[in-house]
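One structure is given here, and the rest of the page talks about it.
Where a number appears in this text, it was derived from the coordinates with a stated rule and is not lab data. These numbers were taken from a predicted model, which means no experiment stands behind them. Using ideal geometry, Cβ is built from the backbone for each residue, glycine included, and neighbour counts are taken over all protein chains shown.
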């Protein structure tokens with residue numbers, strides 16, 4: 001299957017021949033669908049907190065003296081954010097003003113109508129001016145191409161190629177902030193340790209790392225002084241061995257015109273490796289495009305602290321139980337007390353044939369269920385956003401537990417499955433607080449808690465030919481499938497994603 005040159009390339013990427021063959025077998029055999037039983041809802045898998053409970057949990061977090069870090073996946077390019085701008089650039093020379101017939105929110109019409117409201121407007125105006133163009137004159141004459149070219153191209157703002165973290169998201173008077181800067185400010189609100197340190201870890205693409213470092217070195221003194229914090233910004237890139245081999249339509253290795261193997265990025269599930277290398281006790285995870293201006297940050301910080309407090313509370317109980325299970329000969333009565341906690345508090349249901357009177361089997365089951373990484377996940381009410389949500393699902397070991405499930409993981413051709421999926425009341429905003437250490441302070445090997453079959457096969461194209469690409473189990477769904485999982489309802493105003501550039505025109509992004 002592989003030539004000597006292939007094996008050399010695999011070795012350079014850190015991918016074993018066995019692993020590559022297994023990936024090809026996955027293409028051949030397909031991936032199983034996950035069996036969802038019912039949506040997780042408030043009172044049935046999702047915890048809803050009242051104001052007093054939030055205050056109590058914040059107090060728990062406030063007393064925490066350990067290390068913490070804010071983990072932000074920031075490597076993705078913003079190309080899709082400007083998709084309709086690219087499309088406009090292609091169509092306008094042929095169709096002229098007809099391209100403005102759509103006047104919806106995400107239209108090119110809205111983009112130009114409200115262009116002065118974008119946080120990057122002044123920068124775009126000045127860039128045009130420096131090359132001999134007057135923005136106002138261009139708009140008046142319907143001469144739009146110089147504007148979009150300056151916005152997208154490398155010799156302008158280069159927004160068509162930059163990652164979202166380097167794009168201006170909000171404006172405060174004459175000052176505009178990138179989404180990275182907003183995450184820095186947000187981090188000072190809930191990720192500051194007792195010594196005033198704020199650790200933020202960014203996953204970046206190698207070609208943009210220097211750009212991130214340049215921005216951080218320029219703004220760091222200002223934010224440290226403004227928020228009385230010592231900011232510790234670190235970076236990592238996606239590991240080459242997390243790339244996956246591509247295959248053709250016959251499931252044979254896909255090769256380029258020179259006969260070399262083609263690899264594809266493994267998706268955000270590849271970042272499990274990056275998370276696993278962090279050493280902090282608490283890890284806050286949030287996407288780069290989900291950040292609000294200052295006037296909305298208070299609510300976000302309040303709930304982040306509450307989620308952290310909840311994790312610390314559950315962690316204390318779990319650590320206590322695991323230590324007893326590992327070091328003491330517990331009675332069947334005590335074991336069943338712990339089982340009640342696993343079922344009623346952690347929402348993990350044993351297999352139907354499970355014999356809870358078998359002491360040896362019960363103790364092993366409890367250790368397996370409790371000695372795991374922990375995550376507390378914020379969930380917002382479903383507003384029709386595409387993406388995953390919280391469900392009760394059947395696991396390969398026949399247990400039933402809480403899972404974040406994406407539509408690609410289920411068989412939507414099954415009417416019953418589709419009905420369950422569409423009845424979900426909540427949506428996953430990627431709002432997590434995690435702990436990846438056991439009660440002894442040792443890090444778990446996160447790969448041990450991943451559902452390897454929870455990946456996704458997609459159809460792509462290269463050089464005019466179709467290829468199949470394999471994405472690894474997603475970071476917050478399949479990659480964390482066997483983590484202890486707690487779902488908590490959080491307010492919709494804590495979820496402010498920017499999927500298209502026009503989202504920056506929404507009221508929640510107008511500072």
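A few comments on the model shown:
- Computed FRET value (nearest 0.05) for residue 368 with residue 140, which takes r as the C-beta separation and R₀ as 56 Å: 0.25
- Efficiency of FRET between residue 1 and residue 493 - r from beta-carbon atoms, R0 51 angstrom, step 0.05: 0.45
- Using every pair of separate Cα atoms, the Kirkwood estimate puts the hydrodynamic radius of region 79-161 at 13.0 angstrom.
- Measuring r between the beta carbons of residue 8 and residue 452 and using R0 = 25 Å, the FRET efficiency lands at 0.45.
- Span from the region 476-511 Cα centroid across to the region 69-104 one, whole angstrom: 21
- For the listed peptides 19-27, 69-77, 477-485, a ranking on the average number of other beta carbons within 10 Å per residue, highest first, reads 477-485, 69-77, 19-27.
- Between residue 42 and residue 77, the modelled label-to-label distance comes to 4.2 nm, taking each label 7 Å out from Cα in the direction of the beta carbon.
- Mean ellipticity per residue at 222 nm, deg cm²/dmol - from DSSP H runs of n ≥ 4 across the chain, formula -39500 (n - 2.57): -10500 deg cm²/dmol
- Distance between the pseudo-spin-label points of residue 260 and residue 55 (7 Å out from Cα toward the beta carbon): 6.3 nm.
- Geometric descriptor of the chain, per residue, is 180 Å³ (volume of the convex hull of the Cα atoms).
- Put in line by how crowded their Cβ is, counting other Cβ atoms within 10 Å and starting with the fewest, 193, 59 read 59, 193.
- Classified by the C-alpha gyration tensor, region 223-376 has an oblate form. Its axis ratio a/c, with a ≥ b ≥ c, is 1.5 or above, and a/b does not exceed b/c.
- Length added when fully stretched, residue 17-residue 345, from 0.36 nm per residue minus Cα-Cα: 113.8 nm
- By the count of neighbouring beta-carbon atoms within 10 Å, fewest first, 303, 319, 172 end up ordered 172, 319, 303.
- With a simple spin-label model that places each label point 7 Å from the Cα along the Cα-to-Cβ direction, the separation between residue 97 and residue 65 comes to 7.1 nm.
- Peptides 7-14, 311-318 ranked from most to least packed, by the mean per-residue count of other Cβ atoms within 10 Å: 311-318, 7-14.
- Considering every alpha-carbon pair of region 123-263, the percent of pairs per 5 Å bin, from zero through the bin containing the longest distance, is 2, 8, 13, 14, 13, 12, 11, 10, 9, 6, 3, 1.
- Ranked by how many other beta carbons lie within 10 Å on average, peptides 286-293, 365-372, 49-56, 377-384 from highest: 286-293, 365-372, 377-384, 49-56
- The overall shape of region 391-511, judged from the alpha-carbon gyration tensor, is rounded, with an a/c ratio under 1.5.
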